[in-house]
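**Student:** One structure is given below, represented as structure tokens, and several questions about it will come after.
The values are calculated or read from the model by the stated rules, or taken from the named source; none is laboratory data. Model, not experiment: these values are computed from the prediction. All Cβ positions, even for glycine, are placed from backbone atoms using ideal geometry, and neighbour counts span all protein chains on display.
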């Protein structure tokens, strides 16, 4: 090997090393630039000057069908009763809650009301995610004289037969009540799903009529409306469908007339003192009612008030009624010769659509109204709503009817007062046949029952549930 060759080898080696360093540097730079924005510690450049936030909705814990029992818009709370249950549970909602009718119309909580059937999805914290009107609810309106076979939990409406169970809800004037408070004269809306009844809603309820200062009329005749007549007995209490009727009491030459307003679950009192020869102390009450053309009812009797009204001493129930205004209700106690009462009515709010959650185009079964006399069932004040009971066929002096209930409860059989529960019971001669039995106690909900008593040679004993406060 010559010197020239030995000299060139180091030169070529140095050039190769420099080229390798240059190539390595270029690769490193390219790799470093390509990795920018891709590593876990890098942050992408914002597309604008506004920070972006992603909201993840809470997962649904479950979806279920229920009946609304209360809506509290102040606290954003809706109380629900699941179908098939009688437990009322609270759920919250917010502006993010999607509420719609069953045909897709968006609504707010302000239009919801007790008795609405809804499908709800909720979170684990009982927050409502979605609330939608149920689609498969059949509503039968204007139903009365239901045939209720309580032993087998079956109700007949015309030729149709429906089932129910202990979870059946009864809605009366916005409140849920016991089925025992129903009466045969009530007009109902029936809510069912696939032949099973979940709720009864009272659309026309009932009230009661009592006579006061009627001793001179005992044994006479009471005419209510145009078709119903009853004999006046001591301490009688009648059940009447809510509404307004002419009323007349007669006994020989004595006669008293008036216009009777029967309000739902209230007791109207027809005071016969002005038509009786017996002396009674009166208070002359001056009424000032605004608007001045409203109707004034004292104890359920329409009363003109352009002049002072003579009202017997004691406690009286006052109502001022005018279409388009909120009805005034109050108690008046009179114990002196004169008094003044001022009543001002406020305008009634516009009512919400009755069936806003339900598809207005879906068919709704409405039974044909019956032509029966609306007073025909008054003597049969029953919650069983079974066919008209057979009349009482007499009593057995040797056998007893023993009734147990809350102390002080008054007992009426076929509208005739029979006595008061004392010492936990009341013992009567046993009537034979089917009777209407009513239990009343001041400040408590009146209950109506139908009882069949057979001529079986044995005493009859019934223990009824304790009376419930109004």
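**Student:** Regarding segment 127-134, can at least one residue be identified that is in a strand (DSSP E or B) and farther than 26 Å from residue 104 by Cα? Give the derivation first.
**Tutor:** Quick first cut of segment 127-134, residues in a strand (DSSP E or B) only: 127-133.
If we keep only those that are farther than 26 Å from residue 104 by Cα too, we end up with none.
No, segment 127-134 contains no residue that is in a strand (DSSP E or B) and farther than 26 Å from residue 104 by Cα.
**Student:** Within segment 452-470, count every residue that is in a strand (DSSP E or B) and within 17 Å of residue 181 (Cβ to Cβ). Please lay out each step first, then the result.
**Tutor:** Taking segment 452-470 first, the residues in a strand (DSSP E or B) are 452-453, 460-463, 469.
Imposing the further condition that a residue be within 17 Å of residue 181 (Cβ to Cβ) reduces the set to 469.
Final tally of qualifying residues: 1.
The rows are residues; the columns are (1) more than 29 Å from the chain's Cα centre (by Cα); (2) on the phi > 0 side of the Ramachandran plot; (3) crowded, with 16+ Cβ neighbours inside 10 Å; (4) not assigned by TED's automatic domain parsing to the domain that holds residue 180.
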position: 401; (1), (2), (3), (4): yes, no, yes, yes
position: 427; (1), (2), (3), (4): yes, no, no, yes
position: 439; (1), (2), (3), (4): no, no, yes, yes
position: 442; (1), (2), (3), (4): no, no, no, yes
position: 447; (1), (2), (3), (4): no, no, yes, yes
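**Student:** Let me ask something additional. Where the second residue is part of a helix (DSSP H, G or I) and modelled with pLDDT under 90 and the first is over 19 Å from residue 144 (Cα atoms) and not assigned by TED's automatic domain parsing to the domain that holds residue 183 and lies in segment 205-231, which pairs have Cβ atoms under 6 Å and are six or more apart or on separate chains?
**Tutor:** 213/273
**Student:** Yes or no: residue 188 under 19 Å from residue 262 (Cα atoms) and either over 13 Å from the mean Cα position of the chain (by Cα) or modelled with pLDDT under 90 (or both)?
**Tutor:** Working: under 19 Å from residue 262 (Cα atoms): yes; either over 13 Å from the mean Cα position of the chain (by Cα) or modelled with pLDDT under 90 (or both): no.
For residue 188, the condition - under 19 Å from residue 262 (Cα atoms) and either over 13 Å from the mean Cα position of the chain (by Cα) or modelled with pLDDT under 90 (or both) - is not met.
**Student:** Also, I was wondering about something else. Could you list all residues from segment 289-301 that are crowded, with 16+ Cβ neighbours inside 10 Å and either part of a strand (DSSP E or B) or assigned by TED's automatic domain parsing to the domain that holds residue 443 (or both)? Spell out how you get there, then give the answer.
**Tutor:** At the first step, the residues of segment 289-301 found to be crowded, with 16+ Cβ neighbours inside 10 Å are 289, 294-301.
Matches in segment 289-301: 289, 295, 296, 297, 298, 301.
**Student:** Report whether or not residue 262 is touching a residue at least 12 places away in the same chain (Cβ under 8 Å), crowded, with 20+ Cβ neighbours inside 10 Å and either touching a strand residue (DSSP E or B) at 6+ places or on another chain (Cβ under 6 Å) or under 26 Å from residue 173 (Cβ atoms) (or both).
**Tutor:** Numbers: touching a residue at least 12 places away in the same chain (Cβ under 8 Å): yes; crowded, with 20+ Cβ neighbours inside 10 Å: yes; either touching a strand residue (DSSP E or B) at 6+ places or on another chain (Cβ under 6 Å) or under 26 Å from residue 173 (Cβ atoms) (or both): yes.
So residue 262 passes the test.
**Student:** Report the residue count in segment 407-451 for those that are in a loop (DSSP other than H, G, I, E, B) and either at pLDDT below 85 or under 20 Å from residue 210 (Cβ atoms) (or both).
**Tutor:** Here is the first cut: in segment 407-451, the ones in a loop (DSSP other than H, G, I, E, B) are 407-409, 414-415, 421, 423-424, 432, 441-443, 445-446.
Imposing the further condition that a residue be either at pLDDT below 85 or under 20 Å from residue 210 (Cβ atoms) (or both) reduces the set to 408-409, 414-415, 421, 423-424, 432, 441-443, 445-446.
Counting residues in segment 407-451 that are in a loop (DSSP other than H, G, I, E, B) and either at pLDDT below 85 or under 20 Å from residue 210 (Cβ atoms) (or both) gives 13.
**Student:** Cβ-Cβ under 6 Å, sequence separation 6+ or interchain: first residue in segment 318-336 and closer than 13 Å to residue 287 by Cα and not assigned by TED's automatic domain parsing to the domain that holds residue 270, partner assigned to a strand (DSSP E or B) and modelled with pLDDT under 90. Which pairs?
**Tutor:** none
**Student:** Also: Only residues that are part of a loop (DSSP other than H, G, I, E, B) and at pLDDT 85 or above: list them for segment 154-174, please.
**Tutor:** 164, 165, 166, 167, 168, 173, 174
**Student:** Let me ask something else about it. Does residue 120 count as out of contact with any helix residue (DSSP H, G or I) (no Cβ under 6 Å at 6 or more places or on another chain), touching a residue at least 24 places away in the same chain (Cβ under 8 Å) and surrounded by fewer than 19 Cβ atoms within 10 Å (Cβ to Cβ)? Working first, answer last.
**Tutor:** Details: out of contact with any helix residue (DSSP H, G or I) (no Cβ under 6 Å at 6 or more places or on another chain): yes; touching a residue at least 24 places away in the same chain (Cβ under 8 Å): yes; surrounded by fewer than 19 Cβ atoms within 10 Å (Cβ to Cβ): no.
Taking the combined requirement at face value, the residue does not satisfy it.
**Student:** Which residues, taken from segment 135-153, are in a loop (DSSP other than H, G, I, E, B) and surrounded by 14 or more Cβ atoms within 10 Å (Cβ to Cβ)? Write out each step before concluding.
**Tutor:** Restricting attention to segment 135-153, the residues satisfying the condition of being in a loop (DSSP other than H, G, I, E, B) are 135-137, 144-146, 153.
135, 137, 144, 145, 146, 153, listed by residue number.
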